[in-house]
Each structure stands twice: as C-alpha cells, then as structure tokens.
Amino acid sequence: MSGESRAFVGSAANDLVVAITPGEIISFSIGTFGTGSGTLAFVVALLLAIGAFALAAALGFVAAENQFGTVAGGVLAGMTATAIAISLVASIGPSLAMGGVVGGYVLLVQWLSNASIDVDRDEDRRRLLTEVAGVLGFTGIAFLLGRRASNVPNPEEFTPLFEDRPAADAAEREEAIAAKLAEAEEQSLGVDGIPGLVSSIDEFYEVDINRINPRIIADRWTLSVSGAVENPLEISYGDLRNGPVEDRFITLRCVGDALNGQQMDNALWTGIPIDVLLAEARPRGEYVMLRASDSYYEGFSLSALQNGFLAFGMNGSTLPRKHGYPVRAHIPGHWGEINVKWLEEIEVLDEYADGFWEEKGWHGTGPVNTVAKLWAVNYLEDGRTEMGGHAYAGTRGIEAVEASTDGGGSWTRATLSPELDAEDAWRQWVYRFDPIPEEQEVVVRAIDGTGTIQSRAESDPFPSGPSGWVRVSVLRQNR
Ligand SMILES: Nc1nc2c(c(=O)[nH]1)N[C@H]1C(S)=C(S)[C@@H](COP(=O)(O)O)O[C@H]1N2
Ligand SMILES: [Mo]
C-alpha cells in the first residue's frame, strides 16, 4: 500500500477528484511516453491537469447557473475549482498546479465569454493568439518553477531518526551513528578535490524515473511480502523500525554512470536486514520483483535479496524523500538500480521477470564492475603532482589501486584509505609523483579483493555498466 500523501485535501473532496488525480496522470504519461521523454510526460501531465480543471469548473459553473443564478453559480464554480486546485497542489506541487489552474481558467473564461470566435476578424484572432501565448508562457514558467518546488523535502526529514524511542535508547543509537561517521571522517585521506568517505545527503547522487518523487505518509505505508511465499506479510513502518536495527556503510553506483563519472556515493544507512522478513514469509520461488510507489519495479534473484537491507535512515537522519522515504532496499554489491526506493512490495516469483530498466535493454541487476576513479589532480608546493579518487568493487572489496604515469607501461601502488567496517563500501586512493615531462598520460586501475585487475576492455555504460581504465592527460606545472 502506497500511503501516498494528498495533503491539505479533505477526504470527501479527495474522493470527488480521485478520478483525475494527477499522480495517476503522471504515472500514465510516464508509462505511455517513457522516461527518456520525462519532460514530454511532464508537459502532458500539465496539459491534462489544465483540461481537467477547466472541464470541472465549467461543469460546476453551468450546473449552478441553471439552478441558482449567476452569483451562486460563480461561487459553486469557484469552490469546485478551488477543491481541484488544492488537490493538484497536493499531488503535483504548488507552482505546477498553479500553471494548470491559471491555464484552465483562461480557457474557461475564453469559452464562456466567447463561445464562437470568428478567425477572419483581426480583433478576435489577435485576442485568441494573445490568450494562447499567455497560457503557454505561464505554463512554461510554472513548469520550470514546479520542477524545483515539487521535490521539496518531507517535514519528517527534519525530525530526529529515533524520535519514537525511549530517550536513553535514542541517545545510544545516535551516538553509535555519530561515532561511525566520525571514524569515517578521520579515515578520509583529505585530498583536495575528492569527496570524503561519506557523501553528504545533499551531494549523494540521485537517479529517478519520475520527475516528481512520491510523497509518502509513513504511518499509512506498509510493505508487503507477497507472491510465492507460504506466509504473506504486511509490515508497517513501526514494525520495521522495531526490528533488529543496524547501521551499515553501503556504496551505490548507477549502471549508467560514466567510467569516470560521479554517480557513485557512499552513506551510512540505518535499517534492518531483509533475511528476517524472508525467514518469516518462507519463500517458495527463486526470484523476486521489488515494486515501488512510483511504479518502478526491478526483478532479480532471491539469493541476492537474502543479503539485502531495508533502510529508513541515512547518515543519522530520517531517510530523505529523494532517497526513498520511508523505506528503500539495498542489495550489497549490485548496481544501484535494484536498490529500490519508496519500496512497497517484495513479490516472490517462480521465474525471473524483467524490471523497468531491463525492459529497456539494460543489464543492471547484477554485481558492479570494479572501478578506480581519478577525480582530482593537484600540484603540490614541493613540486610533486598528486592525484586521487575513489575505488569500488562491491562486495569483492578493493585490495589495491595502481597508477601509471607512462600511459600504462609501469605501475605503482597508490596509498589507500583504511577499509571501512563494511561489506560493500568504496575506498579512497592517493598517489604523488615527481615532475613529469611537458605532458603525460596517467592511468589508474583497481585490483579487487579476489586479486582480479579491473577490466581493461573499454565499453559504454549501456547495457552492462562502463568498463576500461580511467586515463587522464596531465600537464607539468609551470612554476
Ligand atoms: N522507486 C525507485 N527506485 C529506484 C529508482 C527509481 O527511479 N525509482 N532508481 C534506481 C537507480 S537507477 C539508481 S542508480 C538508484 C539511485 O539511488 P539514489 O537516487 O538514492 O542515489 O536508485 C534506484 N532505485
Ligand atoms: Mo541507476
């Protein structure tokens, strides 16, 4: 059950307009046009919202006018329009909804005041053009503003993570998290231009199929474990938080990340292991489909899910809306896409089924490729050059990072940050070297915990994630 919020709307008004709920319109347009055309889907959603508003207001207006006269008609039309406007705001955000409302209103007035337009008359044509331009201009601005305004954080994000626990227990848990974060901070190499070992909530990358993230009321949310299980479950947010809570460092990387891209981050997540739920549900199938409130779904093997984690906290805060509030999945060592956010169903399947991205040709459900990123080149006071970055190989771990300053002819081991107390986390590396000729190609590669060198063969992110060694051309510093 999604428990999606339609804040501000009384339930009667909500029921009235449920047939035109823009959340559904948005899912529909994404389903129809896909996410490659997210902007198109969004514009279509807005246009449908305008149409719904104008139609409903017009119906209210006409019905009321026939019964009660113009003033009462106007009031009723206004009330209908307001109820719809409020519902729009609750589900698609204030600015965008306003665009829909004003656009709809202009269309409505146009229709009421001038049911027939003579396009041969200059005056009529000019007025029509002005109005259409006005509607388009306003919806355009609302579109731009709405994109930002509608992904506002949930108020819950600012409440302490363990607010519902007894004070002593909450304090102990908060201290444990603070200690882990402080230790990671201390272990960070502190190289200029590379992020720390823990990404802040703001800088943690974000990949969504939807332009407007679900806004979920945790108290109305449940997670079901369904399908091929002996004992189907329905778990509440409270149940989940009362489970065997742990804090884990987990790194995520998107399969669509560029070889040396930035869609790779690490955080300290608070949640419960999934195996306790599975033990209770007693699965009979070998595959699963995780389903989310934004109509996202990803299918993979039950064995990968067994090691999974359900997070409701991030870096000591309540899980932010943009990272899946109230609950998201983490599947150790696998590409980011199966780390489903806004999770609401774990369906056990007898046979493998494609997820959202696999239906579009991606192969992003498996373990990550090994990578060493080269994120900074610095010129030191002592004349040496310093370079550094992060390396990640999922649950295989990083054993070493090697750097070459002669284009791959000879290799030297870089200095690594200490391993975090984690099964699925990145490490930082730094390498400093003496002055080089005018221009030099430097290359880096990681060696994973099984002793395997990062694959040299270059490939694009599509369909199975990027591979190859990061190469950067470095100029000698002029001093
Ligand atoms: N419900 C839902 N879960 C999702 C996605 C999504 O669009 N919807 N995107 C996935 C992808 S492709 C990645 S890489 C990760 C990114 O997680 P983040 O946005 O918290 O960094 O979330 C995954 N989980
Ligand atoms: Mo992704």
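The values are calculated or read from the model by the stated rules, or taken from the named source; none is laboratory data. No experiment lies behind these values; they were computed from the predicted model shown. Note that each Cβ is placed from the backbone with ideal geometry, even for glycine, and that neighbours are counted across all protein chains shown.
For this structure, a couple of remarks:
- His330 being within 16 Å of ligand 2 (Cβ to nearest atom) and farther than 17 Å from Leu223 by Cα: no
- Here Arg321 qualifies as basic (Lys, Arg) and within 21 Å of Val198 (Cβ to Cβ).
- Applying the condition of being within 11 Å of ligand 1 (Cβ to nearest atom) and among the β-branched types (Val, Ile, Thr) to segment 338-352 and asking which residue is surrounded by the fewest Cβ atoms within 10 Å (Cβ to Cβ) yields Ile338.
- The lone exception for Glu183 - which of (1) at pLDDT 95 or above; (2) out of contact with any strand residue (DSSP E or B) (no Cβ under 6 Å at 6 or more places or on another chain); (3) within 16 Å of ligand 1 (Cβ to nearest atom) it fails: (3)
- Meets criteria (within 12 Å of ligand 2 (Cβ to nearest atom) and touching a Gly at 6+ places or on another chain (Cβ under 8 Å)) for Val348: no
- If you go through segment 340-371 and pick out every residue that is among the aliphatic types (A, V, I, L, M), more than 24 Å from Ile216 (Cβ to Cβ) and touching a helix residue (DSSP H, G or I) at 6+ places or on another chain (Cβ under 8 Å), you end up with 1.
- Out of Asn242, Asn307, sole residue that is surrounded by fewer than 20 Cβ atoms within 10 Å (Cβ to Cβ), within 30 Å of Gln454 (Cβ to Cβ) and away from ligand 2 (no atom under 16 Å from the Cβ): Asn307
- Any hit, segment 172-193, residues being touching a Lys or Arg at 6+ places or on another chain (Cβ under 6 Å), away from ligand 2 (no atom under 16 Å from the Cβ) and either part of a loop (DSSP other than H, G, I, E, B) or hydrophobic (A, V, I, L, M, F, W, C) (or both): no
- In segment 200-218, the residues that are over 29 Å from Gly285 (Cα atoms) and modelled with pLDDT under 90: Asn210, Arg211, Ile212, Asn213, Pro214, Arg215, Ile216, Ile217
- Residue within segment 375-383 that is away from ligand 2 (no atom under 16 Å from the Cβ), at pLDDT 95 or above, farther than 28 Å from Gly227 by Cα and more than 16 Å from the chain's Cα centre (by Cα) present: yes
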